[in-house]
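Presented below is the structure to which this report refers.
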Amino acid sequence: MTFYAIFEESSVYDNVHPEYFIFSPAAYTEEYEEIYGGDTAYDIYDPDGATVAYSVIINKILTGKVTIPATYNGKPVIEVLPNAGVDYRNITHIFFEKGTQIRRIGSNAFNGCNNLKYFEFTDTLREIQQRAFFNCALDVNLVDLNKNIYKVQYQSFNNAFSGTTDTLLIGGSIVRFASQCFLNLNKATIQNI
């Protein structure tokens, strides 16, 4: 029996199941925001010691189209942790719930997800860490990095695209491309907007 995280309803955004994810306090700091810009930063805890934001890991039982929750316990989910979905070969699409404040995709987050065709790059996303999409199958026609991303780290998209021939859109807000970000992107044109 195959389990699908998102059941066929009016929209993948309408059916989010937080019970299929693991949450932990986020470590997204003000120092990060000062370096890379953006909105007000989140600290791990407020002055009373309460968590103010969360990071997420995807449960390995999920397959097909997955929508990551925007909040947990009423607090924003701002980061997909490193190795959060590494080698999850049955995930085909990643969406974020409406109202997401996701800021960072951790290193190796989706490394080896060789059936991952689509990932929603939101306007809130600021950083894509090393090898986040290494060895995926993203359709370059569906990838639009013309957002508010500031930093794309080493080999973030190495071998990440399926064999298609079109244009990869890159936003002008990116201040740092690390080496080999788009290694083996053989059949697409990179267009800076």
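Return an integer: the convex hull volume of the alpha-carbon atoms of the range 107-149, in Å³ per residue. Please list the in-between numbers first.
Values: hull volume 2.7 nm³, N = 43.
Taking the convex hull of the Cα positions in the range 107-149, it is 62 Å³ per residue.
Taking H placed 1.01 Å from N in the peptide plane, check which residues at least 5 places from residue 70 or on another chain put their amide H under 5 Å from its amide H.
For residue 70, the qualifying residues are 97.
How large is the charge dipole for the range 100-162, taken about the Cα centre, if only the Cβ atoms of Lys, Arg (+1) and Asp, Glu (-1) carry charge, to the nearest 20 debye? Could the numbers behind the result be given before it?
Numbers: 7 positive and 5 negative charges, 46 e Å.
The calculation lands at about 220 debye.
Quick one: which residues, 5 or more positions from residue 168 or on another chain, have an amide H under 5 Å from its amide H? H modelled 1.01 Å from N in the peptide plane, none for Pro or chain starts.
Here the answer is 189, 190, 191, since their amide H atoms fall under 5 Å of that of residue 168.
Please state, to two decimals, what the Cα-based radius of gyration of the range 70-158 comes to when divided by 2.2 N^0.38 Å (N = residues).
Cα-based Rg divided by the globular estimate yields 1.00.
Can you put 120, 19 in order of accessible area, largest first, using a 1.4 Å probe?
Numbers: 120 35, 19 115 Å².
Largest accessible area first, the residues go 19, 120.
The values are calculated or read from the model by the stated rules, or taken from the named source; none is laboratory data. Just so we're clear, the structure is a prediction, and the values are computed from it rather than from any experiment. For neighbour counting, all protein chains shown are included, and Cβ atoms are generated from backbone atoms with ideal geometry for every residue, glycine included. Heads up: the accessible areas ignore ligands, DNA and RNA and are worked out on the full protein's heavy atoms, side chains in. Shrake-Rupley method; radii C 1.70, N 1.55, O 1.52, S 1.80 Å.
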